[in-house]
Number of protein chains: 2
Amino acid sequence: MSSTVSPLAPTDVPEMPAIAGVKLATAAAGIRYKGRTDVLLAIMEKGTTVAGVFTRSKCPSAPVEWCRAKLGRGQARALVVNSGNANAFTGKTGRQSTALTASIAAKAVGCQPGDIYLASTGVIGEPLDATKFDGVLDDLAAKTAPEGWMDAARAIMTTDTFPKVATATVKLGKAKVTINGMAKGAGMIAPDMATMLSFVFTDAPISAGALQSLLKAGVEDSFNAVTIDGDTSTSDTLLAFATGAAAAHGAPKISRASDPRLKAFVKAFHAVLANLAEQVARDGEGARKLVEISVEGAVSKASARRIAMSIANSPLVKTAIAGEDANWGRVVMAVGKAGEPANRDKLSIAFNGIRVAQRGARDPSYDEAEVSNAMKQPKIAIKVALGLGKGRDRVLTCDLTKEYVAINGDYRS
Amino acid sequence: MSSTVSPLAPTDVPEMPAIAGVKLATAAAGIRYKGRTDVLLAIMEKGTTVAGVFTRSKCPSAPVEWCRAKLGRGQARALVVNSGNANAFTGKTGRQSTALTASIAAKAVGCQPGDIYLASTGVIGEPLDATKFDGVLDDLAAKTAPEGWMDAARAIMTTDTFPKVATATVKLGKAKVTINGMAKGAGMIAPDMATMLSFVFTDAPISAGALQSLLKAGVEDSFNAVTIDGDTSTSDTLLAFATGAAAAHGAPKISRASDPRLKAFVKAFHAVLANLAEQVARDGEGARKLVEISVEGAVSKASARRIAMSIANSPLVKTAIAGEDANWGRVVMAVGKAGEPANRDKLSIAFNGIRVAQRGARDPSYDEAEVSNAMKQPKIAIKVALGLGKGRDRVLTCDLTKEYVAINGDYRS
């Protein structure tokens, strides 16, 4: 948790409403940090369904393995999140730690351990002492309340400089349903997934299967379209919980993601995911610029995505932006190294709406002073037109600053 | 060209001998820099063969396209290199510029433009005014001499902090032959190729076809096994020239790379390439640590290479090394994101010979103070054992420091 809030932090922080069927509490268990909360307990009503998307790392953390194994049951009663220790690469001890945490939580909540979902974030490779949860989770279970969403988002932060929340209210049938989400990000953020931890809750009555489909589709242009440093965490976890409590005031029960009654809900659900993902980019470690990279004219959307990611992950592009330099030559370099179809002589590049290159050479009307001025903005939009086909895509990233190096050179010690 | 020499610069700089059939000269043409040389002309005797390996960028520079087109002829009479401007992404102007440069050089040397090889390094996207070579190349041709290898290596530098040369003398048949090489690197260094520019010269009589085979094989574990920032230049060029002058004192003419008489030569040739490639890593922009990453126990050499590169290109691993932090958790992360077969619970990791993790967890005998001390060394060896198969590989990189960000945030403006 940094003392300086990112200059890119959203200025409008929403009032987070309650979600029927969800109660929250946080505590300071002293897992690693001093003087701050580091444990979140969310208790959900019976009948809550769950869906999840996880890191594609071949070396996932113990909590990721735990959640994956339980997801087939499709039901959840509680979520336990700790910050400060990722319980990743902790071998047998890590598995014992997740089992013990789930067992302590299940006793505190009054459910089966298999209904407990776990997420941990922080240092990798240090054993997580689950006995620290003993007592703490009992206390938390007793004091959970429908409020406290900002506190919850704060408890899961590591090097984040601001808590990340988003909310939406939408009609499902004739009933009002609510979607609340939180996320933590900062470093080691790359697809897939693009955030270490994010949790989304709704009172809409949606089956686990339908929720899983919604989540999988929703992640593609939100969390999977964000990169900070190309490094994929061993702990990336996105969980969605649907309590179904809105059924009591008439929301229809949904069992298929393709149900036409779900249309407005899907839009709002995706918007919450996209909002959280953008906040992750806005809080990239050391970030001073939010960078949006749009690629059009590629041979396909997948090709456009790979080119956009090649630009977004290029240290040379990212340091140029940190230096407020419209160095489009480095964008050309990043297009060229992506390995995707590209024709140098058809390429056009614009920074914040000012075209600097066209058809393989510098734009003759290109005014260095005008572009330099545009580069001082906190948001930089890089647009690349390939002129080959109709594939287009968009990803978000941030600049690479000396602060990123400072944060990550000093993190563990 | 930085004012501060990398602390990783080699302390032993070789005396560079002459190569029969090669003469060099440099000049300050004022292409971009003030008060330093920026043009190299190397003239080779008639009968010189040539081989080349180039960037795989889909947006190569105009000189790369020029060299590729001429390579089929297999013969060379001169090499013209300029620093300060890469003549990349310069469209039609770029092609005109290479043609004009070659034509000026051919006139100065007295040969066909097709026997002229060109390389440019520096800023991308700025037109290169080839008329600046008019007169300059005539003067240079008149003053070329067999000496001046260090001056040549200096003239091709951009953000390099020291000139990079290597030499070897070896028997071919009963005759002594010499191999001289130079390179420039610094940033935008990644396979394939791993250097922006490198030129190797020999007096051995080797056919163009055999030389091309040697070069292609030699690059695999040298330049292609080095990465600074994962960014591949549009200009990466490695050229080898064989004058054949050693035939006059009895060196056998070689027409096949598999010729058994070539054995010692191949070894020396590969050593020169490896030496130059290591110097490139030692002069990575802002580098304070040389990092060697060895992966063993992978399912294949190719898999080991991809895992090693995933570690070498991870900003989080590189910043941890800059911070002298043996953060092996980030190495696990980088193994996990490589997408290659890996079993977390079989993984072992060592820093400078000290094992910190074994079989998926922290090594019980791991002593933080001992490892912290080891991390203060200028060279850091990271060894990862996967325990799956017999595939092994090794790559070189450097740390990621605040200086890298400073250099690349301020480079163009």
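The values are calculated or read from the model by the stated rules, or taken from the named source; none is laboratory data. In this text, all values refer to a predicted model and were calculated from it rather than measured experimentally. Cβ sites come from the backbone with ideal geometry, for glycine too, and all protein chains shown count toward neighbours.
Would you mention how many residues in region B:389-413 are buried (at least 17 other Cβ atoms within 10 Å of the Cβ) and more than 11 Å from every other protein chain (Cβ to nearest Cβ)?
Going through region B:389-413 one residue at a time, the tally reaches 7.
Criterion first (more than 19 Å from residue A:216 (Cα to Cα) and within 17 Å of the chain's Cα centre (by Cα)) does residue A:81 satisfy it? Full working, then the answer.
Details: more than 19 Å from residue A:216 (Cα to Cα): yes; within 17 Å of the chain's Cα centre (by Cα): yes.
Against the criterion (more than 19 Å from residue A:216 (Cα to Cα) and within 17 Å of the chain's Cα centre (by Cα)), residue A:81 qualifies.
State the number of residues belonging to region B:328-342 that are over 29 Å from the mean Cα position of the chain (by Cα) and at pLDDT below 90.
Qualifying residue count for the region: 1.
Please give the number of the condition residue A:87 fails out of (1) more than 14 Å from every other protein chain (Cβ to nearest Cβ); (2) at pLDDT below 95.
So residue A:87 meets the others, but not (1).
Can you say whether residue B:287 is within 29 Å of residue B:170 (Cα to Cα), buried (at least 20 other Cβ atoms within 10 Å of the Cβ) and of a type outside the set (Val, Ile, Thr), as far as the supplied structure shows?
Details: within 29 Å of residue B:170 (Cα to Cα): no; buried (at least 20 other Cβ atoms within 10 Å of the Cβ): yes; of a type outside the set (Val, Ile, Thr): yes.
When the stated conditions are applied, residue B:287 does not pass them.
Going by what's in this entry, would residue A:382 be described as hydrophobic (A, V, I, L, M, F, W, C) and within 20 Å of residue B:58 (Cβ to Cβ)?
In short, yes.
In the same structural domain as residue A:234 (by TED's automatic domain parsing) and in contact with a strand residue (DSSP E or B) (Cβ under 6 Å, 6 or more places away or on another chain): which single residue out of A:132, A:174, A:164, A:92 fits that description?
Answer to the selection: A:164.
Yes or no: region B:102-116 includes at least one residue that is buried (at least 22 other Cβ atoms within 10 Å of the Cβ) and within 30 Å of residue A:317 (Cα to Cα).
The answer is no, given that none of the residues of region B:102-116 is buried (at least 22 other Cβ atoms within 10 Å of the Cβ) and within 30 Å of residue A:317 (Cα to Cα).
Can you tell me which condition residue A:372 does not meet? The list is (1) farther than 15 Å from residue A:227 by Cβ; (2) buried (at least 21 other Cβ atoms within 10 Å of the Cβ); (3) of a type in the set (Ser, Thr, Tyr); (4) at the interface with another protein chain (Cβ under 8 Å from one of its Cβ atoms), and all the others hold.
Going through the list (1) farther than 15 Å from residue A:227 by Cβ; (2) buried (at least 21 other Cβ atoms within 10 Å of the Cβ); (3) of a type in the set (Ser, Thr, Tyr); (4) at the interface with another protein chain (Cβ under 8 Å from one of its Cβ atoms), residue A:372 breaks only (2).
Residues in region B:97-122 that are modelled with pLDDT of 95 or more and within 12 Å of another protein chain (Cβ to nearest Cβ): how many?
Count: 1.
If you take just the helices (runs of 4 or more DSSP H) that sit entirely in region B:212-323, which of them hold at least 2 residues that are touching an Asp or Glu at 6+ places or on another chain (Cβ under 9 Å) and within 14 Å of chain A (Cβ to nearest Cβ)?
Result: B:301-312, B:315-322.
Out of region B:175-194, which residues are at pLDDT below 95, over 17 Å from residue B:42 (Cβ atoms) and not acidic (Asp, Glu)?
If the condition is that a residue be at pLDDT below 95, over 17 Å from residue B:42 (Cβ atoms) and not acidic (Asp, Glu), then B:185, B:186, B:187, B:188, B:189, B:190, B:191, B:193, B:194 are the ones that fit.
Could you tell me how many of the residues in region A:337-348 are within 9 Å of another protein chain (Cβ to nearest Cβ) and more than 17 Å from residue B:54 (Cα to Cα)?
6
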